[in-house]
Amino acid sequence: MQQKQMRITLLIGLVYAAVSMYVMFAAVMNRIVVIEDGGQQEMLSGANSMEKADENSAWRNLLLKAEADRKEDIIIPLEEDTKAEDVTIENHYMDQEIWVSIGGIEKYFYTKNEIGGNLALVESALYERDDGNVWIKFKLNGIYELKSVLEDHSLCIEMAKPTETYEHIIVVDPWYGREDTGGKEQGTTEEQVTLDIAKRMEDKMRSEDAVKLYYTSMGEGMPSLEARMQIIEETAADFYVGITVNQTDDTAMYGLEAVYNDSYFIPQAGSVELADALVRNATIAVSGRANGLIQAEEGDLIIQSASIPTAVLKVGYLSNEKEAELLNSEDYRDRLAEGICNAIKEFYEQSENVE
């Protein structure tokens, strides 16, 4: 009797182990591929590597097969031993592109295997092999957020408009007011200051699941007015925040200012309220001096053209030796980023109270 019970117990244990292994295997086969949608540095790193590939080799057209009945926008076939950690997906929304890197895959795999999915949002697709990885570049017809999963030896990607993913959307422009890398004072450039503040904002807002920051550029070059406006329109942003520095012949001048569009008016939730929140919160964060609010001039085309609340924060004067030294400090820029993020949260709360 005791032996029979032992055999039953052993049998149950084996069945449980088999079921557990199956569940674990299924979980591995369907692992979610994390998309670095907020990791701007990771995207730029990928971009740099691909620029090198462009110099030494040619992109090739991919085989595409549209399947209207598929819910997945893109289905990329993979070799049987491809794992989730072999795949990297980068959302280059500034260029309306998705870049996919797949490691350990046979060189001519995509000359024999077609990319499927409904492909309704894909304008073109190219691939190239670089340092043992296959890179696939999809040109899209707009800006989208991505979801991806590995399933049945395929990478399945579904796309959604930003407004379908996030409740709140802000366009941040760290290149406002420049035609190149910006002026340089005390060893510090406008580009270094504004891009660093913008990147720090991304880190601080990451925990805000309902809020998404989209950037006009993160260092690849100054975007045109048309490119800025396209990002605002494609993301259906709630408002626009520009970041810049001041310079003047009067080296004694210092402090923070905000520029706003006085022609776009929403009672208690328009451009002037946004500008006020920015300069007030940033000034408090750095214990600085607020010089007040300034109406945008006719030449401020991005502010004048936008049909949403729009404001630009001027974070200090590079022409002032002391303030330039502060702007060169990582801690000071971190506090500026904190102040801008606080202003964003305050403005949303104020807008919701008005509604």
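The values are calculated or read from the model by the stated rules, or taken from the named source; none is laboratory data. These figures come from a predicted structure and were not determined experimentally. Counting neighbours? That spans all protein chains shown, and the Cβs are built from the backbone with ideal geometry, glycine included. These area figures cover heavy atoms from the full protein model, side chains too; ligands, DNA and RNA do not enter into them. Shrake-Rupley method; radii C 1.70, N 1.55, O 1.52, S 1.80 Å.
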### Query
Would you say Asp81 is surrounded by fewer than 16 Cβ atoms within 10 Å (Cβ to Cβ), out of contact with any Pro (no Cβ under 9 Å at 6 or more places or on another chain), free of Cβ contacts under 8 Å to residues at least 40 places away in the same chain and farther than 19 Å from Ser124 by Cβ?
yes
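Condition check ((1) in contact with a Cys (Cβ under 6 Å, 6 or more places away or on another chain); (2) at pLDDT below 95; (3) more than 18 Å from Val241 (Cβ to Cβ)) across all residues:
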site: Pro267; (1), (2), (3): no, yes, yes
site: Gly270; (1), (2), (3): no, yes, no
site: Asn281; (1), (2), (3): no, no, no
site: Ser287; (1), (2), (3): no, no, yes
site: Ala290; (1), (2), (3): no, no, no
site: Ser305; (1), (2), (3): no, yes, no
site: Lys314; (1), (2), (3): no, no, no
site: Asp331; (1), (2), (3): no, no, yes
site: Leu336; (1), (2), (3): no, no, no
### Query
Is at least one residue of the stretch 287-300 open to solvent by 70 Å² or more (accessible area, probe 1.4 Å) and in a helix (DSSP H, G or I)?
no
### Query
Is there a residue in the stretch 168-188 that is open to solvent by 20 Å² or more (accessible area, probe 1.4 Å), at pLDDT below 90 and not in a loop (DSSP other than H, G, I, E, B)?
yes
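For the stretch 255-275, how many residues meet the condition of being on the phi < 0 side of the Ramachandran plot and open to solvent by less than 60 Å² (accessible area, probe 1.4 Å)?
First, the residues of the stretch 255-275 that are on the phi < 0 side of the Ramachandran plot: 256-267, 269-275.
Going one step further and asking which of them are open to solvent by less than 60 Å² (accessible area, probe 1.4 Å), we end up with 256-261, 266, 269-275.
Number of matching residues: 14.
Filter the stretch 190-208 down to residues that are outside any helix (DSSP H, G or I) and buried (at least 18 other Cβ atoms within 10 Å of the Cβ), then give me how many there are. Give the derivation first.
If we filter the stretch 190-208 for residues that are outside any helix (DSSP H, G or I), which is where we start, we get 206-208.
If we keep only those that are buried (at least 18 other Cβ atoms within 10 Å of the Cβ) too, we end up with none.
Going through the stretch 190-208 one residue at a time, the tally reaches 0.
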### Top-ranked residue of the stretch 40-67 - restricted to ones that are open to solvent by 100 Å² or more (accessible area, probe 1.4 Å) and outside any helix (DSSP H, G or I), ranked as modelled with the highest pLDDT
Lys65
